[in-house]
Structures are given as structure tokens and as C-alpha cells.
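What follows is a short report on a single structure.
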Ligand code: HAS
């Protein structure tokens, strides 16, 4: 399908802009391993402080990069599969809001006024520009859903009565509706807690409530990142693995997406198992739902594996009777046609196996108490969002840029090796971080000047080897990214050889039952919102009325002294004045 004009420009902007920022995000990832292993023994490097760099790393990589690529991919999916034009005005407003918002937040972070990490909950407090910028980014990201995707979806359904909406559209629509729902708690936190404190309108607010509202958003958001990757695994991967492959079951894929609708929300308390202000039994309920939300990923694991097996065995009769030998026919490294993309998906899937196992360890209430706040947790999420999600997004970005700009992929060999370097690096990183985490190695700590510094009384030599392994891992990962970036920017700078198009290789389904219940979204979302609200009422009650519910002044990372004046200080002053 041909794409020209401003819609093409916007989609390209939504890919290229966050990728330029990603260079900074990945650089600060490398700095993290160097600080933590004590290669850099300082609180700052080249004018950027430790927590400032950690904030830049997290916010750019998992907030800005993911959000903008998801919007770009969603736009391309709706355009290609529904064959309905996107509205240029809507697209420009959405894109500009995201860019302006990102630049505002970036200014606050680069200026050192927002060292609040990517989780940004209270009592750490940032400059208002950080929160307002983040809000603009989020508003910009939902605009296409309301003004382009939903109207086009409704029009398509009217024109195709009784037909199933294409699977990719189904997945991206479900994902973005989930996105709107999960934004509600974090918007409440930002509007009524963080911005008022940051502007000095109120002196204190409730940190337990802030954390609870944040995590009500902060876990569902991981599925907002994951589902676009699943869309690619269900639609593109089975097709390109042989060129003529099939998706094993369309209904299994739709059912998996709908299970995410049900189970992605009532789970956030698994980030707060150690939070004193919330009754344990409510946390246990969230623990059970968390184990429930692993089920659609297990369905995906089996459906994707079955699709690969079916497709490979149909193409290569010689492996038809093999149990595992067909694995050798998967084009892990191939320059032929679109097969180069297989390497991104396979490397991502193999990392996600580790991400799934460590996720279930995290979710298991009692095991979590061993690993919480240790390096085990970053080990986990570098194989999920830093593994399957990032690799799928890097692969699809390169694919979309080459199609939209009408260019051949340059340095394809580097592009194919890149995900495997990334995979190798992340695997070493995951191993080292998990093992060290089990032995208590803390996360989010400049260990190079403390626990891993032989001069320090805190010195813990048993963590040194693991931290050194993460340095090796960091360099391999960065090398993978450099290979990818050479191919990406090489492609952008190469001459145009075809007209600009957008198209996605799409696998037809082997089993394609009608299953009408899987095509009506409303009942699933009604139950989902009910579950969300009911599962959170007791926790919100706890953090506002029981347990640790006192308000607290705001802090920054530089000093233990509050940066906003606590209410109690004002009362003391009043009492002193009255006494006088
Ligand atoms: Fe998580 C913390 C539990 C999935 C991201 N998670 C995090 C944080 C992030 C994150 C960023 O319960 C840190 C937040 C912070 O800064 O504090 N997570 C889970 C569970 C899952 C899970 C149960 N997480 C994700 C995904 C993420 C993500 C996905 C990003 C995209 N996570 C937790 C918990 C914590 C946590 C606790 C809090 C820890 C703490 O104490 O702070 C599940 O959804 C995972 C299910 C996945 C599977 C794997 C299926 C396998 C597949 C691959 C198949 C392979 C094939 C290849 C087919 C069950 C799909 C075949 C190969 C051939 C050759 C044929």
C-alpha cells in the first residue's frame, strides 16, 4: 500500500525521534554497569550524576522509546490492514504533543531537576516540567486511538459485517484501550499529588497512596509494551520463517489478548509485597492474579512454537517426523528477503523464556521477599522489556523505515548479527544480575563507591565477579546496538529505490474458528474494569485510612533533608508564634 504526505512523515518521525534519544538511553545503560562495578568510582561522569543517568536510561528506554514506537506501529497497522486513511491533523497533533512533552521532560532530566527514576513516585519530587512533559507525551499517544483508529475500526466493521477484524488490528486496538484504562491511576497521582507538591501548592502528600496509584499503572504498562511484540509474533513471524508459513490458531491468539484485558490490571500490588501499609491478604489476591497473567504468555509460547513447527515441517518434509530436529531449519541468521527479521523475534523469544521464569519467581509472594530491591529485578526486566520487546521494536523500526522511505536495508549482515549480540549480552547480564541478586546485590545503587569499593567498610567481595560480568555484557549489548544503528542510519541515508509503501508479511491462520465471543470486546473490558476497581478498593482504603498513611514532604536524591516544608514544621512555627 502506497503511503505519501504528512502521514508518512509523522510515522517516520515517531520512529526516528525516539531512536535518536535511545542513543542517550543506551549510553546511560553502559554507564550504569561501569558505575556499579566500580570502573567509574564517582558520583558523576561527564557532568551527569549517577541517579540522573539512571533516570535518563529508564525514562528514555521504557517510557519514550516504547510509547512512540507503539504509536508508530499502531498507525501503520491500522493503515495497512483496514486500508483507510489516517487524518493528517490528528497525526500531527499527536506527534507534536509527544515531541514537545518529551523535550520538556528531557530538559528537566538533563538539567538535573528530575532525578526521580522512571518510576517517579513520591516522595522523590521533580521539576513540574518533568510531569507536564510526561503528561503531554501520554496525551499525544492516546489521540490516534480516539480520532483515527476507533472511527476507522467502526467504519470497517460496518463495511464487513460478520467478518473478523484482522488479528493485528485486534491486538493493537485491545492494547491501546488497555493503555487508556491504565493511565487513569497515574494521571490521578500526577495531577493531584505530584504536580501540586512540585509547584509548591501543597507541602506534603501521601507516599503510600502515590506508590499504589503508580503501580496500578506500572504493571499493566509492561503488557502495553509486550502486546505489540506479540502482534508481530502472531502475524509476521510465522509467515517469514519460511515465506509461506501459517499461524497455528487465530482463536488462541485472540483469547490470549483478551486474557491480558482481564488479568493485566488486578496485579500491581506484587510490586508492593514489602509495603507495610497494605494488608497482606490483599497482596496475596494480587499474587494469584499475577500468576493468572502468565497464562496468556504461556498460550503465546505454545501457539508461536506450534506455528513455527507447522510452518517448518510443511516446508521441509525431511524433518516432518522429528521431535526437535526441525529447530535447525529455523532461519536464525538469514539475509534472504524478510527473513532477517526472524533473528530479532527468535533472539527476543529466547530471552523471554528467562524473563518469564524470573517473572514467576518475582510474583511468588515468599520468593519475592528474597529478590525484591535486588539486582534480580533488573535482571528480569532486561530480558522482557529489554529483550523481546526492544528487539521486536528495533527490528520492526528498521523494517518500517525501509518500507516507508522506499529504501533497501543497508548493511543487512550487521542487522542480522545485531540481535544475536544483544541476546548474548542480555543473557550474560541476566545471569550475573540474577545470581548476584539472590546473594543480596542491591539495585539502583552506585555500588562502585560503596559495596564494591575495597576501601569502603561496606565492601562485599562476593558481588565483584558478577558486577564485572555485567560490564562484559554491557559492552556486547552496546556492540549489538551499534551494528543495528549502522544498518538503521545507513538505510535512512541510502538512495530511494522504490515508492514509499507500508505492508506487513502476514501469516494466514491454520485453525480459524469463528468464535464470536472473542470478537466482542465490550464484555471483556467491562469485567476487566470491574476487576481492576474491586481489587484496588481495599488497598486504596488501606493506604489512605489505615497503616502508614501519614503525609510526607518531598525529597530529592541529594540529601535526606526534605525539599518542601513539612506540614509539621509549619505547625511548629505557628505554635511558637502563638506561644510568644
Ligand atoms: Fe515483570 C518487575 C512479575 C512479565 C517488566 N517487571 C518488573 C519490572 C519491570 C517488569 C520493568 O511479581 C521492574 C519494575 C521496577 O522498576 O520495580 N513480570 C512478572 C510476571 C510476568 C512479568 C509474573 N515484566 C513482564 C514483562 C515485562 C516486565 C512482559 C516487560 C515487557 N515483574 C513481576 C514482579 C515484579 C516485576 C512480581 C516486581 C518485582 C519486585 O519485587 O520489585 C509474566 O507476565 C511473565 C510471563 C511469561 C512467560 C514466558 C512465556 C515464554 C514465551 C517464549 C516462548 C519461546 C518460544 C521459542 C516459543 C510465562 C512466550 C521457542 C524456540 C524454539 C527454538 C522453537
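Test residue 80 against the stated conditions and say whether it is surrounded by fewer than 22 Cβ atoms within 10 Å (Cβ to Cβ) and within 18 Å of residue 147 (Cα to Cα).
Numbers: surrounded by fewer than 22 Cβ atoms within 10 Å (Cβ to Cβ): yes; within 18 Å of residue 147 (Cα to Cα): yes.
The answer is yes for residue 80.
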Legend entry - Qualifying positions in region 236-260 - more than 13 Å from residue 299 (Cα to Cα), crowded, with 23+ Cβ neighbours inside 10 Å and more than 14 Å from the ligand (Cβ to nearest atom): 236, 240
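What helices (runs of 4 or more DSSP H), lying completely within region 211-328, carry at least 1 residues that are in contact with a strand residue (DSSP E or B) (Cβ under 7 Å, 6 or more places away or on another chain)? If you could, list the steps in order and put the result at the bottom.
Numbers: elements: 220-235, 237-240, 250-263, 280-293, 295-315.
In region 211-328, 220-235, 237-240, 250-263, 295-315 are the helices (runs of 4 or more DSSP H) which contain 1 or more residues that are in contact with a strand residue (DSSP E or B) (Cβ under 7 Å, 6 or more places away or on another chain).
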Legend entry - Extreme residue, nearest to the ligand (Cβ to nearest atom), among residues of region 356-390 that are surrounded by 24 or more Cβ atoms within 10 Å (Cβ to Cβ) and free of Cβ contacts under 8 Å to residues at least 60 places away in the same chain: 380
Inset, instruction - Quick one: in region 124-162, of everything that is under 30 Å from residue 565 (Cβ atoms) and surrounded by 22 or more Cβ atoms within 10 Å (Cβ to Cβ), which residue is nearest to the chain's Cα centre (by Cα)? - result: 134
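The numbers here are math on the coordinates, done by the rules we state, and not lab data. Remember, it's a predicted structure, so these values are computed and weren't measured experimentally. Positions of Cβ are backbone-derived with ideal geometry, glycine not excepted, and every protein chain shown enters the neighbour counts.
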